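Data first, discussion second: the structure below is written as structure tokens.
The values are calculated or read from the model by the stated rules, or taken from the named source; none is laboratory data. Predicted model, so just to flag it, every value in this text is computed and none were measured. Cβ placement follows ideal geometry from the backbone for every residue including glycine, while neighbour counts extend to all protein chains displayed.
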Amino acid sequence: MTTAKMHRERVFETIAPLTETANLPLGSLLEAPRRLTADVESPIDVPGFDNSSMDGYALAATTVEEMRGHPIPVRGRVAAGARGEAVQPGTAVEIMTGAPLPAGADLVVKIEDTSPGCFGAETVTIDPEVEPAPGTFVRRRGSDVRNGQTVLSEGTVLTPAHLGVAAACGVNELPVLGLPRVLVVSTGDEIAAEAAAGINDANSVTLTAGLRRLGVDTDVAFVPDDPQQLLDRVRSSDAGLVISTGGISKGAHEVVKLAAELDADSSMTFEPIAMQPGRPQGCGRLADHAWVALPGNPVSALISFELFIRPALLGLAGHEAPREVGYHRLAHGFDEAPPAGKLQVRRARLTEAGLEFVGDSRSHLLHSYAEATHLVFVPPEDESADDPYSAAGDRLMTWKIA
Ligand SMILES: Nc1nc2c(c(=O)[nH]1)N[C@H]1C(S)=C(S)[C@@H](COP(=O)(O)OP(=O)(O)OC[C@H]3O[C@@H](n4cnc5c(N)ncnc54)[C@H](O)[C@@H]3O)O[C@H]1N2
Ligand code: MOO
């Protein structure tokens, strides 16, 4: 039977061609985790000049030595952003944190180690117990980053710190994985007909939220159980990728499957996957669009998004987990027998006692999913069948989702 890992590969092959490198300004990369497609070198040294890490006095080590215990004349002040004049031997200059170290100075004494201990005095006396060496409180040019150094590596999923490094190096644009516009389609008469059957659409909201958090632009469509209408709606869309929910299992109105039968050019594969929830899945091309078809049950749809779509949009290889991975014990053991031969994905909260399942394994329980902090991977009995979704000893692998 097709495993979750195999299906992840298939979804990746569907989505990967839609993600081309785009050079984007830092300002548009601030809100979503984006993947770098090339190494980035710094065009400058950071810091760009030797500077002070303290508010105090800049002077020569020889002056400290020679004037020990005596007042040293203070000549001027250099603040961050200013350029100071050279410090003459036997004198000191007031210096502020971040200001360039003036020529003639090779160390800084912080103001707390001097008297009278306030700026503006004509002379300064260094406390006798302070014996600064050359370089004290000096941040050397290039001590953070050297000109030409690779500061960000291809494949990195950019964090706020990475973006800050680029900014500090004066790199204002980064090459990242471009993301396709996505049309999210909620299918089914019960959804499209304004909750005629009392079923409010949850899937387009969970999926759109998940996509937007990756920086993906989205549209939403509601299509009843009419395959021609589904084909027409999607063909009129300029989205690069379609993600549908519902209409792919064994019922009499499986609208996505029926649409694939109507479209002679469709390359959709519909297959049950050895996992629970999320057993029915489909992907390929349909209605001239790349298409990933998810099951309709809200928990199944969201877990399928987490396992298959989110990693592909993040550009992660099959072995890379898109969430923080942990291994934890169950607080109270299993509350129900895991299904034989399937990867089961349960929802849990991590407490001091261990993992506590929230809700049971049924795939309509979205409310309990919302209370979970972790997805818990209960591997099939033959663990090797589904590596990397495997357990370590009596601990179960988890992905932190909240
Ligand atoms: N005879 C069989 N029946 C079913 C099987 C099976 O193997 N044999 N598989 C079950 C499993 S597992 C799942 S999962 C579902 C998947 O069905 P579909 O993907 O075809 O989805 P629908 O039938 O359209 O809907 C299922 C369920 O989800 C609700 N739903 C659908 N869309 C939304 C939405 N946008 N927001 C909220 N809820 C939604 C819908 O009302 C149904 O209750 O099939 C099983 N059946
Ligand atoms: O596989 Mo379905 O997604 O369990 O409920």
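For segment 256-266, how many residues are touching a helix residue (DSSP H, G or I) at 6+ places or on another chain (Cβ under 9 Å), surrounded by fewer than 24 Cβ atoms within 10 Å (Cβ to Cβ) and either in a strand (DSSP E or B) or not acidic (D, E) (or both)? Give the steps one after another, and end with the answer.
Residues of segment 256-266 that are touching a helix residue (DSSP H, G or I) at 6+ places or on another chain (Cβ under 9 Å), as a first pass: 256-263, 266.
From what's left, surrounded by fewer than 24 Cβ atoms within 10 Å (Cβ to Cβ): 257-258, 261-263, 266.
Now narrow it down to the ones that are either in a strand (DSSP E or B) or not acidic (D, E) (or both): 257-258, 262, 266.
Residues in segment 256-266 being touching a helix residue (DSSP H, G or I) at 6+ places or on another chain (Cβ under 9 Å), surrounded by fewer than 24 Cβ atoms within 10 Å (Cβ to Cβ) and either in a strand (DSSP E or B) or not acidic (D, E) (or both): 4 in total.
Is it the case that A166 is crowded, with 19+ Cβ neighbours inside 10 Å and modelled with pLDDT of 95 or more? So A166 passes the test.
Scan (1) within 16 Å of ligand 2 (Cβ to nearest atom); (2) under 27 Å from the mean Cα position of the chain (by Cα) for the single condition P311 breaks and write down its number. That leaves (1) as the condition not met. The sole residue among V223, V242, V299, V234 that is buried (at least 20 other Cβ atoms within 10 Å of the Cβ), over 27 Å from G359 (Cα atoms) and within 11 Å of ligand 1 (Cβ to nearest atom) is V223.
Scoring S249 on the criteria (1) part of a loop (DSSP other than H, G, I, E, B); (2) buried (at least 17 other Cβ atoms within 10 Å of the Cβ); (3) within 16 Å of ligand 2 (Cβ to nearest atom); (4) small (G, A, S) leaves a single failure, condition (2). Taken together, the residues in segment 3-32 that are surrounded by 15 or more Cβ atoms within 10 Å (Cβ to Cβ) and not in a helix (DSSP H, G or I) amount to 6. A single entry from D127, D106, D39 fulfils the requirement of being touching a residue at least 40 places away in the same chain (Cβ under 8 Å), over 30 Å from G155 (Cβ atoms) and of a type in the set (D, E, K, R): D106. For segment 76-110, filtering for residues that are aliphatic (A, V, I, L, M), surrounded by fewer than 19 Cβ atoms within 10 Å (Cβ to Cβ) and not in a loop (DSSP other than H, G, I, E, B) leaves 0.
D189 falls short of the stated requirement of being modelled with pLDDT under 95 and touching a His at 6+ places or on another chain (Cβ under 6 Å). Just one residue in the set L30, L26 is farther than 30 Å from G117 by Cβ, touching a strand residue (DSSP E or B) at 6+ places or on another chain (Cβ under 9 Å) and not assigned by the TED database to the domain that holds G278; that residue is L26.
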